[in-house]
Amino acid sequence: MAVSEDRHDATPAAVTLEAMALPHARHLDIVHVGPLGDKLVETFSTSLIKTERLQLLHLVLAAHEDQPEHHVDEECIIHCIEGVVEVVMPGGVRQLEAGCLVLLPAKQRHALRARTDCIVLVTLVLNAGDALRNQ
């Protein structure tokens, strides 16, 4: 998924997502994170933003695709933009539909299970650029 910038004026860059590349958005860039509809199946997961303290992941999951159980050291937010995804934890499952999000506590073990083709934004709090301190 590429990030393209429109710099025709002195306002912050308008950033849109297209095919595939790796540049991160910078401070004050505008990033489109809405539903992609038919383009969802052509889109790749990517890291949209990464600073020393924050990372925003744009995950594109095919129906029935799972992400294995894992955790991060700090709290994180999982936000379903399109489709239906389940956040599977040892204590239960939270099903997220488009427009829903959940805040996970620090070190919460979890997996993601896509029930439909979906887009999920994951916001991570980093420590010196890393989500995990001791692995």
* Asked: If the Cβ limit is 7 Å and pairs must be 6+ apart or interchain, which residue in region 87-113 that is free of Cβ contacts under 8 Å to residues at least 40 places away in the same chain pairs with which residue that is of a type in the set (Gly, Ala, Ser)?
  -> Val88/Ala111
* Would you please list the contacts, defined by Cβ atoms under 9 Å and residues six or more apart or on different chains, that run from a residue in region 28-42 that is in a loop (DSSP other than H, G, I, E, B) to a residue that is β-branched (Val, Ile, Thr) and modelled with pLDDT under 90? => Leu28/Thr11; Asp29/Val3; Asp29/Val15; His32/Val15; His32/Thr16
* **Residue check, Ala62 in contact (Cβ under 8 Å) with a residue 12 or more places away in the chain and open to solvent by less than 20 Å² (accessible area, probe 1.4 Å)** => no
* Structure fact -> Residue hits (region 81-101; among the β-branched types (Val, Ile, Thr) and surrounded by fewer than 16 Cβ atoms within 10 Å (Cβ to Cβ)) are Val93
* Among the residues of region 33-53, how many are exposed (fewer than 12 other Cβ atoms within 10 Å of the Cβ) and within 12 Å of the chain's Cα centre (by Cα)? -> 1
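The values are calculated or read from the model by the stated rules, or taken from the named source; none is laboratory data. Values in this document were obtained by computation on a predicted structure and should not be read as measured data. As a convention, Cβ positions derive from the backbone with ideal geometry for all residues, glycine included, and neighbour counts pool all protein chains shown. SASA here: full protein model, heavy atoms, side chains in, ligands and nucleic acids out. Shrake-Rupley method; radii C 1.70, N 1.55, O 1.52, S 1.80 Å.
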